[in-house]
Amino acid sequence: MSITFRATKTDAGRVKADLLAVPVFSGRALGAGAAAVDEALGGTLAGFMEEVGFDGSPGEALAVPAGGRLGAKAVVLLGMGERDQVGLDGVRNAGATLARRASKVQSAATTLVDALPDSLDRAAVAQALAEGVALGSYQFLKYKGDAKASKLARVTVITQGGASVQAGLDRGARVSDAVTWARDAVNEPSAAKSPAALADAIRKLLRGKGVTVKVLDRTQILRERMGGVAGVAQGSDQEPRFVQVTYAPAGARGSIALVGKGVVFDSGGLSIKTAGGMETMKTDMSGAAAVAAAMSVLSDLGVKNKVVAYLPLVENMPSGHAIRPGDVLTIRNGKTVEVLNTDAEGRLILADALSLAYEAKPDAIIDLATLTGACVVALGEKVAGLMGNNDEWITQVRGAADRVGESVWPLPLPQEYRKLLDSEVADVKNVSGGGYGGALTAGLFLKEFTNGVPWAHLDIAGPARASSDDGYVVKGGTGFGVRTLIELVTTFSKPSS
Ligand code: BES
Ligand code: MN
Ligand code: ZN
């Protein structure tokens, strides 16, 4: 169940809640509401903080008694760091700390939004708080017998901000629901998310969300000449699907195509992975999940641009029907690909999806894909690689990601590496053969299928999944990219080609 957020003017001393959370900044500087707590405790708060070594650093939390003199039953102090250095991501992380501290109660109240400097927009802070609380309390318990679900159901935000704060909270709740859907989809075992089942889940998610959904089955995929999708899928007993989602508001300003890699399980195919390499490969549809999730909120958020999503869904398996190293596939745009490594499957299905996307002549294209282990080597588990064919568009993507607190970093697409993809028998081969620069050669491969339309590529192989909890990011599928995409299509302006 998602948490409800409500703004109120009731003061911190009187608000009714199981837990009241008030911010404390560096040097034990009391934030809004903390004075009321101090008063209820007879002015002992400073001494107590000092005694236990709580100094208001970011991420710190300290439970203090309520003394029976507050409307709230219990109090927690949230360390925020330097007051003038708190950003929106600091608010999200504080929200997550609050959520974990409040997981055993039903209702919490906080003064956090009004405690921050006026340089931060109130509605944006409220949105970040809702995101932090909702995403920080995320759990995937579907298959847990001894599930200890968070009980937190209601959060009251004590603010003078009124309607704009409430609007920010509502927006944050909506965005978090989308991220939560993506996390659930990624965490779901592959056996429960065949391409057909995932397509159905996407249809269900998008019902009544102001978009149209078209799902192609294997026969239609072949008829549409998507040789990459059909080729990768042919080793699996699970048939592929190709999902196309269209959001077309009246009087749309610009148009953006979103492409997401949807490999529901990546065994590597005949170029089979190691046992360890396969362990997390249910995650290989994170790009498609992020795109589908973003599509679910565009209408509710009143996005003014046309957005079309292209989601190739396949399972990559070895079998007597599987593509072999050396086989040649024909992509939708007519280019032929020699498949020398069947584990470089993402680029094959994306080639078809990008081809289909550029045919519709959008102003810009972006794809999200858990594409290469090499990108994880380069940038680690928390940062996505950003590549593309248009600097203006790349800058827009970077700006959107930075604003929502998703880390991306630009990587080059060096033309001098293009020849590494030359094939003896086909137009291009799917791997470079050499050992190094795998994220870049993968990007160069994708570029072949963009036909000069402004295009950006996010390699999310690292940040799509988290190996441990970190603030509002929870171990497992992260839903990385959902918030960047929403921000990007909201603030979009057509890049010059
Ligand atoms: N899905 C993987 C990439 C991946 C690796 C994602 C690790 C997340 C964590 C992709 O399909 C793949 O197997 N890529 C190969 C490419 C290689 C064969 C050129 C890789 O990175 O090893
Ligand atoms: Mn692979
Ligand atoms: Zn893959």
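Read-outs throughout are calculated quantities, based only on the coordinates presented, and are distinct from any laboratory measurement. What you see is a predicted model, and the numbers here were worked out from it, not measured in a lab. A quick note on method: Cβ atoms are made from the backbone with ideal geometry, for glycine too, and the neighbour counts reach across all protein chains shown.
Quick notes
- With N as its number of residues, the range 15-134 has a Cα radius of gyration that, divided by 2.2 N^0.38 Å, comes to 0.96.
- With Rh defined as the Kirkwood radius, the inverse of the mean 1/r over Cα pairs, the Rg/Rh of the range 3-50 is 1.00.
- Principal-axis analysis of the Cα atoms of the chain puts helix 195-206 at an angle of about 40° to the longest axis.
- Residue-count net charge about Phe449 - beta-carbon cut-off 12 Å; Lys, Arg +1, Asp, Glu -1: -1
- Look at the dipole of the chain built from charges on Cβ: of Thr212, Ser493, Ser190, the Cα furthest out on the positive end belongs to Thr212.
- Dipole-positive endmost among Tyr310, Gly251, Pro23 within the chain (Cβ charges, Cα centre): Gly251
- FRET efficiency for Glu39 and Glu424, using Cβ-Cβ distance with R0 set to 60 Å, rounded to 0.05: 0.15
- Database remark: amide H of Thr372 closer than 5 angstrom to the amide H of Ala461 (H placed geometrically; neighbours at sequence offset of 5 or more, or on other chains; Pro and chain starts carry no H).
- Charge tally around Gly81: other residues with Cβ under 11 Å, Lys/Arg +1 each, Asp/Glu -1 each, net -3.
- Tilt relative to the chain, helix 88-101 - C-alpha long axis, 0 to 90 degrees, to 10: 70 degrees
- Direction-averaged projected area, Cα convex hull, the range 187-284: 7.8 nm², rounded to one decimal.
- Net charge contributed by nearby residues that have their C-beta within less than 15 Å of Gly302 (K/R +1, D/E -1): +3
- When you filter the trypsin sites (Lys or Arg not before Pro) in the range 65-102 for DSSP loop state and at most 14 other Cβ atoms inside 10 Å of their Cβ, you are left with Arg69.
- Residues Ala63 and Asp402, FRET efficiency given R0 of 41 Å [Cβ-Cβ distance, rounded to 0.05]: 0.75
- Among the listed pairs Lys104/Lys261; Lys209/Lys475; Lys16/Lys209; Lys193/Lys494; Lys16/Lys382; Lys261/Lys419, a Cα-Cα separation exceeding 31 Å is found for Lys104/Lys261; Lys16/Lys209; Lys193/Lys494; Lys16/Lys382.
- Relative to the dominant Cα principal axis of the chain, helix 346-359 is inclined by about 90°.
- Listed residue (Leu78, Ala109, Ala401) projecting farthest to the positive dipole end of the chain, Cβ model: Ala109
- Alpha carbon convex hull of the chain, projected area averaged over orientations, nm²: 23.7 nm²
- Around the Cα centre of the chain, unit charges on the Cβ atoms of Lys, Arg, Asp and Glu (plus for the first two, minus for the last two) sum to a dipole of about 1440 debye.
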